[in-house]
Amino acid sequence: ILFADDSNVFLTDSNLQDLTLKMNNELDKIVIWLACNKLTINIKKTKFMVFQPPKKLSVFKPDIKINDCELEKVKHIKFLGVMVDEQLNWKRHISYVKCKISKTLGILNKARQTLGRQHLISLYNSLVLPYLMYCNLLWGSSNMTTLQPLVKVQKLAVRYVCNLRKYASTSNYFHKYGILKLQDLYTYNLGLFMYKYKNKKLPTLFDTYFTLNSDIHSYNTWQSALYYLPKFKTNMSKTLLNIQVCRHGLN
């Protein structure tokens, strides 16, 4: 994946030793390409991460190098504004978003003393909502325990908007002022994604992302026109987009 000031290489293999060998071979080719195009790479800023479920952690330590310089292995890194961790549980990103939103709550708290409700809602939509919406399809499917810090900070923001007491219930106010809860934001984004998918408004990369049951078997059942739910065994797998679509019934 190439950008003007950032490049990423993704490889997959069931064996970590083979994966290490493949990555080092690819990096050797990259070094040659850079030299041919009179470009250089900042090795100190270059990191690598191994995505794997916690139950399959390997004792083997991958040795990834560029020009005989060993790269640092990290457990999390920021990628296009999203904190990605090696187990894809999104705890790091959710904590990051919580800190970002918490810095804006003081503005809402002070503003409610002078501004009306509609102005406060506009502030919420400007200062809080963008953080909850950004790449929500990636991390929004996390379990409620993981999402709880963001749920709490969103409720606090709504209390400021509605000028409520510290521990007042917010459920009715979400509905009254048309503010979607964190879980509902994920469902909304998931539905929006499927609308774009079915109307072919997504990049061609997603054209073969889903499989129909009729492509798996030839039985003429009422489920044959629905999307096929892949089998999964790990918590890492069940957050995948195609699995979440089937689990939410967005066929």
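The values are calculated or read from the model by the stated rules, or taken from the named source; none is laboratory data. Just so we're clear, the structure is a prediction, and the values are computed from it rather than from any experiment. With ideal geometry, Cβ positions are generated from the backbone for all residues, glycine too; neighbour counts draw on all protein chains shown. Quick note on the areas: whole protein, heavy atoms, side chains included, nothing else; ligands and nucleic acids left out. Shrake-Rupley method; radii C 1.70, N 1.55, O 1.52, S 1.80 Å.
The table below gives the values:
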quantity	calculated
Filter result for Val151 (over 16 Å from Asp184 (Cα atoms) and either among the aliphatic types (A, V, I, L, M) or at pLDDT 95 or above (or both))	no
Of the criteria (1) open to solvent by 40 Å² or more (accessible area, probe 1.4 Å); (2) closer than 30 Å to Asn143 by Cβ; (3) part of a helix (DSSP H, G or I); (4) not acidic (Asp, Glu), which one Leu108 fails	(1)
Residue ID - most open to solvent (accessible area, probe 1.4 Å), chosen from residues in the stretch 8-22 that are of a type outside the set (A, V, I, L, M, F, W, C) and part of a loop (DSSP other than H, G, I, E, B)	Ser14
Some residue of the stretch 31-41 being open to solvent by less than 50 Å² (accessible area, probe 1.4 Å) and modelled with pLDDT under 90	yes
Odd one out for Leu164 among (1) of a type in the set (A, V, I, L, M); (2) in a helix (DSSP H, G or I); (3) under 19 Å from Asn109 (Cα atoms)	(2)
Residue under evaluation Gly116, criteria (1) within 30 Å of Gln87 (Cα to Cα); (2) out of contact with any Lys or Arg (no Cβ under 7 Å at 6 or more places or on another chain); (3) modelled with pLDDT under 95; (4) open to solvent by less than 50 Å² (accessible area, probe 1.4 Å), criterion not met	(1)
Whichever residue in the stretch 169-197 is assigned to a loop (DSSP other than H, G, I, E, B) and of a type in the set (Ser, Thr, Tyr) and, among such residues, is least open to solvent (accessible area, probe 1.4 Å)	Thr170
Residue within the stretch 76-87 that is part of a helix (DSSP H, G or I) and over 20 Å from Arg165 (Cβ atoms) present	no
Within the stretch 42-62, considering residues that are over 16 Å from Val9 (Cα atoms) and surrounded by fewer than 11 Cβ atoms within 10 Å (Cβ to Cβ), the one modelled with the highest pLDDT	Lys44
